[in-house]
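Read through the structure below, which is laid out as structure tokens, and then see the notes.
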Amino acid sequence: MPSFSVSVPGKTILFGEHAVVYGYPAIAVPLNSIKLNIKISARPTDSDIQIINKNRGENLLLKDLNPEHIYKTAIDTIQNALHVGKLPALQIGISSTIPIVSGLGSSAAFAVCLTKAISGFLGFKLNNEQINEIAYKIEIYQHGSPSGIDNTVISYNKPLYFKKGFPPSFLEIKSPITLIIADTGIHANTKETVADVKKNMQINPEMFKILLEEIGNLADYAKINLENGDLETLGKLMSENQSLLQKLGVSNDELDHLVDVALRYGALGAKLCGSGKGGNIVAIVENLNAESIKSALLKNGATNCFITKISVNCKEL
Ligand code: MEV
């Protein structure tokens with residue numbers, strides 16, 4: 001049987017993280033300049049599944065993993081969803097340029113990519129909706145109660161307006177958007193941050209409801225401006241989103257600092273992206289300023305930084 005390879009993008013949330021968990025709208029775009037790749041091959045002389053993850057220096061056999069291990073829960077979920085009984089002996093090779101626990105969708109990319117890779121290797125022709133459904137189940141094992149925005153934007157690989165429980169809606173972006181993504185270098189655990197927001201919400205439900213509603217309103221307003229191509233307004237909305245995220249308690253000094261640097265050097269707007277308390281910021285910038293903002297971020301604490309463009313026909317350039 002020939003081997004089978006799949007690559008999927010990372011993602012960034014432009015508007016609405018956290019509020020999206022509570023049913024408010026959010027906007028995310030795929031990031032095709034960072035990728036997770038999985039290659040599946042048969043292991044004819046062996047009976048178990050072997051997982052080799054180059055980034056983590058792992059070479060594991062499925063039978064040695066505890067039942068809670070992400071590789072085990074992911075493979076079991078795919079196996080059950082495909083109704084294939086026990087999978088044949090496979091070698092699963094994983095490599096990735098998506099930084100882990102940094103808000104850029106590494107766990108959802110793994111869930112989507114593994115679903116595509118195993119189903120494709122076995123000859124299933126699943127559509128994006130079916131892939132997404134399985135990937136979401138895998139995400140539930142990792143994150144408890146994810147909104148589903150990460151696996152959806154990665155499964156479809158299109159700019160997405162998302163509301164939990166509703167079919168995905170894809171955006172026609174009018175003008176190309178230049179984004180800068182900059183890393184604080186601090187790992188941030190989505191499950192814990194989402195749980196912290198939930199705890200704080202129980203302490204002050206009225207205030208949190210207002211904050212989440214305001215974040216949702218910004219995402220709705222941003223959708224109109226993305227479709228109209230009004231980048232200046234989008235920048236302002238992004239910075240407003242950041243102050244609401246600060247009030248939710250999910251920013252930190254390092255994220256605030258990178259947001260300040262981006263704005264000081266001319267970004268149209270900037271905010272944390274993903275669950276916060278570490279990870280990356282995203283900034284909307286004018287093309288002309290992109291390189292100078294990137295070098296300012298790298299000189300002022302960003303551990304990594306890249307420029308990426310989302311084009312009119314919904315693809316990253
Ligand atoms: C994580 O990328 C985004 C959060 O809104 C969690 C979720 O949507 O499941 C923080």
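The values are calculated or read from the model by the stated rules, or taken from the named source; none is laboratory data. Bear in mind that the values here come from a model prediction, so they are computed numbers and not experimental data. Counting neighbours? That spans all protein chains shown, and the Cβs are built from the backbone with ideal geometry, glycine included.
Run Tyr141 past the list (1) under 30 Å from Lys174 (Cβ atoms); (2) surrounded by fewer than 23 Cβ atoms within 10 Å (Cβ to Cβ) and report the number of the one that doesn't hold.
(1)
Here are Leu226, Leu179, Leu218, Leu234: which of them is crowded, with 21+ Cβ neighbours inside 10 Å, at pLDDT below 95 and closer than 27 Å to Gly269 by Cβ?
On the way: Leu179 fails: at pLDDT below 95; Leu218 fails: at pLDDT below 95; Leu234 fails: at pLDDT below 95.
Exactly one of Leu226, Leu179, Leu218, Leu234 is crowded, with 21+ Cβ neighbours inside 10 Å, at pLDDT below 95 and closer than 27 Å to Gly269 by Cβ, namely Leu226.
In region 245-261, is there at least one residue being closer than 22 Å to Phe306 by Cα and touching a Lys or Arg at 6+ places or on another chain (Cβ under 6 Å)?
Keep residues of region 245-261 that are closer than 22 Å to Phe306 by Cα, which gives 251-261.
Of the ones still in play, those that are also touching a Lys or Arg at 6+ places or on another chain (Cβ under 6 Å) are 252.
Yes, region 245-261 contains at least one residue that is closer than 22 Å to Phe306 by Cα and touching a Lys or Arg at 6+ places or on another chain (Cβ under 6 Å).
Which one is farthest from the ligand (Cβ to nearest atom) among residues in region 257-297 that are surrounded by 24 or more Cβ atoms within 10 Å (Cβ to Cβ) and assigned to a loop (DSSP other than H, G, I, E, B)?
The selected residue is Ala267.
Restricting to region 20-37, what's the tally of residues that are of a type outside the set (Phe, Trp, Tyr) and out of contact with any strand residue (DSSP E or B) (no Cβ under 7 Å at 6 or more places or on another chain)?
2
Examine region 173-185 for a residue that is within 11 Å of the ligand (Cβ to nearest atom) and either touching a Cys at 6+ places or on another chain (Cβ under 6 Å) or within 17 Å of Glu17 (Cα to Cα) (or both), and state whether such a residue exists.
As a first pass, look at region 173-185 and keep what is within 11 Å of the ligand (Cβ to nearest atom): none.
Checked region 173-185: no residue is within 11 Å of the ligand (Cβ to nearest atom) and either touching a Cys at 6+ places or on another chain (Cβ under 6 Å) or within 17 Å of Glu17 (Cα to Cα) (or both).
Going through Thr73, Thr115 one at a time, which residue ends up being among the β-branched types (Val, Ile, Thr) and either over 17 Å from Glu58 (Cβ atoms) or more than 23 Å from the chain's Cα centre (by Cα) (or both)?
On the way: Thr73 fails: either over 17 Å from Glu58 (Cβ atoms) or more than 23 Å from the chain's Cα centre (by Cα) (or both).
Unique residue meeting the criteria: Thr115.
From the list Phe208, Phe166, which residue is under 22 Å from the mean Cα position of the chain (by Cα), among the aromatic types (Phe, Trp, Tyr) and at pLDDT 95 or above? Break it down stepwise before answering.
On the way: Phe208 fails: under 22 Å from the mean Cα position of the chain (by Cα).
Step by step, each of Phe208, Phe166 is checked, and only Phe166 is under 22 Å from the mean Cα position of the chain (by Cα), among the aromatic types (Phe, Trp, Tyr) and at pLDDT 95 or above.
Regarding region 199-208, can at least one residue be identified that is within 16 Å of the ligand (Cβ to nearest atom), closer than 25 Å to Glu133 by Cβ and surrounded by 15 or more Cβ atoms within 10 Å (Cβ to Cβ)?
As a first pass, look at region 199-208 and keep what is within 16 Å of the ligand (Cβ to nearest atom): 199-201, 208.
Filter once more, so that each one left must be closer than 25 Å to Glu133 by Cβ: none.
Scanning region 199-208 turns up no residue that is within 16 Å of the ligand (Cβ to nearest atom), closer than 25 Å to Glu133 by Cβ and surrounded by 15 or more Cβ atoms within 10 Å (Cβ to Cβ).
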